[in-house]
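Please treat every number below as a calculation from the coordinates, not as lab data. What you see is a predicted model; the values in this text were computed from it and never measured. Don't worry about glycine lacking a Cβ; one is built from the backbone with ideal geometry, like all the others, and counts go over all protein chains shown.
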Amino acid sequence: MRGRRKVRTGVVVSDKMQKTVTVTLTEAEVDRLFHEVAAFPGFRLVVDLEKQTVATSDGSTVMRFDIDSFRKYCLVNGLDDIGLTLRHTDKIRAFEERRRTEEPWLFG
């Protein structure tokens, strides 16, 4: 990844969950961001996870980043490990009921 740096950027994905995503930008993009931060107190970036972009608040500069599609899906939908598991609640419940019937000695 010569010529590219990883930049840790905070992304709020829901009211209940805040996650941090590491994005990779070119050295020139990172240098420009450091310059902008030093030159403009209160400088802000807009991170759009769905579009996979980091942009200045006025939209004058837009930088793209890549992210694993499954990780993006989880972040966009506010899913952590527990949330992913809970999507299968009906299957888990059916398994537990079947197990109780097939192996009642485990529950006695």
List every residue whose amide H lies under 5 Å from the amide H of T24, counting only residues 5 or more places away in sequence or on a different chain, with H placed 1.01 Å from N in the peptide plane. V7, D66
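Fewest Cβ neighbours within 10 Å first, please rank V21, V54, V62 accordingly.
With the sparsest Cβ surroundings first, the list reads V62, V21, V54.
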Once you have the Cα-Cα distance between D66 and T89, take 0.36 nm times their residue separation minus that, and quote the gain in nm to one decimal. 5.1 nm
Per-residue HN-Hα couplings for segment 35-47, Karplus 6.51 cos²θ - 1.76 cosθ + 1.60 at θ = phi - 60°, whole Hz, x for Gly and Pro? 4, 4, 4, 5, 7, 10, x, x, 3, 10, 10, 10, 9
Listed by chain and number, the residues whose amide H is under 5 Å from that of M63, excluding neighbours fewer than 5 places away on the same chain and using placed H, are V54, A55
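Rank the residues I82, I67, I92 as a footprinting-exposure proxy: fewest other Cβ atoms within 10 Å of their Cβ go first. All intermediate terms of the calculation are to be shown ahead of the outcome.
On the way: I82 7, I67 16, I92 12.
Placing the least packed residue first, the sequence is I82, I92, I67.
So, R0 is 25 Å and r is the distance between the beta-carbons of I82 and E50; what FRET efficiency does that work out to, to 0.05?
Values: r = 23 Å, r/R0 = 0.92.
In this case the efficiency is close to 0.60.
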